[in-house]
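For reference, the structure discussed in these notes is given below.
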Amino acid sequence: MWEKTLSTRKYFTRIEQLEHLSEQEKDGLRKVTERFAFRCNDYYLSLIDWSEPDDPIRHIVIPHPKELERWGRLDPSNEKAYTILPGLEHKYNSTALLLVSNQCAGLCRYCFRKRVFIEKSQADYLQDIEGALEYISEHDEITNVLLTGGDPLMLQTGKLENLISRLRQIEHVQIIRIGTKIPVYNPYRIIEDPALLQMINTYSIDEKKLYVVTHFVHPREITEAAIEACDLIQNAGAKMCNQTPLVRGINDNPDTLAELFAKLSFIGVIPYYVFQCRPAVGNKGYTVPIEEAYEIFEQAKSKVSGLAKRARFVMSHSTGKIEVVGKTKNRVYFKYHRAADDKDSGKFLVFRSNPKACWFDDYDEIIRQYPIELPYRAHGPD
C-alpha cells in the first residue's frame with residue numbers, strides 16, 4: 001500500500017558497494033550486515049572523513065563489529081504493550097503514534113527499532129489505515145498524532161498528504177508531528193519536492209500546526225543543504241524541533257553536543273529531547289552510562305545560550321518518559337516527565353548512584369519516592 005518517494009540520490013544497501021572500505025574491512029563487516037541491515041546514500045556518505053576510522057559520521061551509519069556483542073532487546077521500550085493494531089500505538093493519553101513506513105533513507109547503527117529491519121514481517125508498520133483512523137476518531141483525548149516509522153518522508157508526497165488530510169478531518173487532533181531524519185540523510189528529498197512544501201503549507205494552519213521533528217545527532221550533519229531543507233520547511237509553515245540520542249563515539253563530548261545545540265538554535269530548530277540510548281540489540285557499544293551521559297548533557301548546556309539549552313535528558317522507558325534531573329556523589333534523581341499511567345506523571349524518584357547503569361531498570365536501591373508508589377518496572381536487558 002505504501003510506496004517510497006522518488007529520490008535523486010544513489011542508495012547503497014550492501015557493504016560491498018562502498019569503495020572507500022578495503023576488502024579486509026568488508027570481510028570483517030559481513031557478519032554484522034547479515035544480522036543488521038545497512039542502508040545509506042551518496043549524499044550522506046560524502047560527509048564521512050574516510051581517512052579517520054573514528055569519524056563520527058562514519059559511526060552513525062557504517063556497520064561495526066561491536067554490534068554483534070550480545071546485549072539488549074528487540075523491543076527495549078516494550079512498544080508491543082501499547083500497540084492497538086499493527087502500526088498504531090497509544091501509550092500516552094493525548095498522543096497516538098503511527099508507524100507509517102518501514103524504510104529509512106539511512107539506517108542508524110544505534111536504532112532502537114531494529115526489529116522493523118530485521119524481521120521480514122510487515123506487522124510492525126501501519127497496514128490498516130482505516131482501522132487506525134477509526135480508533136483515533138473514537139478517542140477524543142488524542143490531540144497529538146506522531147507519524148514515524150521508518151521515516152514518513154520515504155513515502156510519496158501524495159500518500160503522506162492523503163493521511164495528513166484525513167487526520168485533519170478529525171476535529172480533536174490538533175497537532176500532527178512528522179518524525180524524520182530526511183533533512184539529515186537526504187535534504188534534497190525536501191529541496192526538490194515543491195509538492196511536499198505545498199502540503200505542509202496547506203495543513204499547518206494557524207490553530208493546528210504541523211511539527212517536523214528532526215534527528216540531527218552531530219553538528220557536521222548541519223550542512224548547507226540541510227539548512228536549506230529546514231528553512232524551506234519552516235517557511236512552509238511547520239514548526240521544527242530536534243531529538244537526538246547521546247551516543248558513544250558520536251556526540252558523547254560536551255563541546256560536540258554544545259555545538260549541536262547551538263547550531264540547531266541558529267537555524268530555528270529547537271533542541272527538544274536528548275535520549276539515553278535505548279538497550280536495543282546491538283547497542284551496547286553505542287551506549288554511555290546514564291550518569292556519565294547526564295554530566296555530558298549538563299556540561300554541554302552550560303556552554304550555550306538559553307535558546308539552545310531547551311532540551312531535556314530522558315529515557316523512553318516502558319512505563320513512560322523518565323527525565324534525569326540531577327545527581328550528587330551518591331544519589332541520582334529522576335522524574336516522570338510523562339507516564340503511561342497519568343497518575344504517575346511528575347513523580348520524583350531518588351536512587352543510590354550506580355555509575356554503570358545504562359537504563360532505569362539497572363537502579364535497584366531506591367532512597368525516596370514522591371508522592372506515590374513506584375510503578376511496575378520491567379526487567380533490564382537480556
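Listed values, structure above:
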read-out	value
Long-range neighbours under 7 Å by Cβ, at least six apart or interchain, first residue of a type in the set (A, V, I, L, M) and assigned to a loop (DSSP other than H, G, I, E, B) within the stretch 72-88, second at pLDDT below 95 and surrounded by 15 or more Cβ atoms within 10 Å (Cβ to Cβ)	L74/K114; L74/R115
Complete set of residues in the stretch 266-296 that are under 15 Å from F334 (Cα atoms) and in contact with a helix residue (DSSP H, G or I) (Cβ under 7 Å, 6 or more places away or on another chain)	V274, Q276
Neighbours by Cβ (under 6 Å, 6+ apart or cross-chain): first from the stretch 315-343, over 20 Å from Y272 (Cβ atoms) and of a type in the set (G, A, S); second part of a loop (DSSP other than H, G, I, E, B) and at pLDDT below 95	S318/A378
Cβ-Cβ under 7 Å pairs, at least 6 apart or on other chains, the stretch 39-67 side within 11 Å of F12 (Cα to Cα), far side polar (S, T, N, Q) and surrounded by fewer than 20 Cβ atoms within 10 Å (Cβ to Cβ)	R39/T13
Filter result (in contact with a helix residue (DSSP H, G or I) (Cβ under 7 Å, 6 or more places away or on another chain), under 15 Å from I200 (Cα atoms) and not hydroxyl-bearing (S, T, Y)) within the stretch 148-162	P152, L153, L160, E161
The stretch 251-269: number of residues that are in contact with an Asp or Glu (Cβ under 9 Å, 6 or more places away or on another chain), in a helix (DSSP H, G or I) and over 22 Å from T180 (Cβ atoms)	1
Residue count for the stretch 7-26, restricted to those that are surrounded by 12 or more Cβ atoms within 10 Å (Cβ to Cβ) and in a helix (DSSP H, G or I)	5
Filter pass, L97 being of a type outside the set (S, T, N, Q), modelled with pLDDT of 95 or more and either touching a Gly at 6+ places or on another chain (Cβ under 7 Å) or within 25 Å of T256 (Cβ to Cβ) (or both)	no
One residue from Q169, Q198 being under 22 Å from E134 (Cα atoms) and either free of Cβ contacts under 8 Å to residues at least 40 places away in the same chain or out of contact with any strand residue (DSSP E or B) (no Cβ under 7 Å at 6 or more places or on another chain) (or both)	Q169
Candidate set: the stretch 32-60, residues that are closer than 10 Å to G106 by Cβ and aliphatic (A, V, I, L, M); chosen: the one surrounded by the most Cβ atoms within 10 Å (Cβ to Cβ)	I60
From the options I270, I233, residue that is farther than 30 Å from T33 by Cα, buried (at least 22 other Cβ atoms within 10 Å of the Cβ) and touching a Leu at 6+ places or on another chain (Cβ under 8 Å)	I233
Residue among I176, I222, I182, I190 that is farther than 20 Å from D42 by Cα and hydrophobic (A, V, I, L, M, F, W, C)	I176
3 or more residues farther than 18 Å from L246 by Cβ and of a type in the set (A, V, I, L, M, F, W, C): qualifying strands (runs of 3 or more DSSP E) within the stretch 270-362	348-352
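Residues are listed down the side, and each one gets a yes or a no for (1) modelled with pLDDT of 95 or more; (2) in contact with a Lys or Arg (Cβ under 9 Å, 6 or more places away or on another chain):
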position	(1), (2)
G326	yes, no
R331	yes, yes
V350	yes, yes
N354	yes, no
I366	no, yes
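The values are calculated or read from the model by the stated rules, or taken from the named source; none is laboratory data. On a predicted model such as this, the values are computed, not experimentally measured, just so you know. Note: ideal-geometry Cβ built from the backbone for every residue, glycine included; neighbour counts use all protein chains shown.
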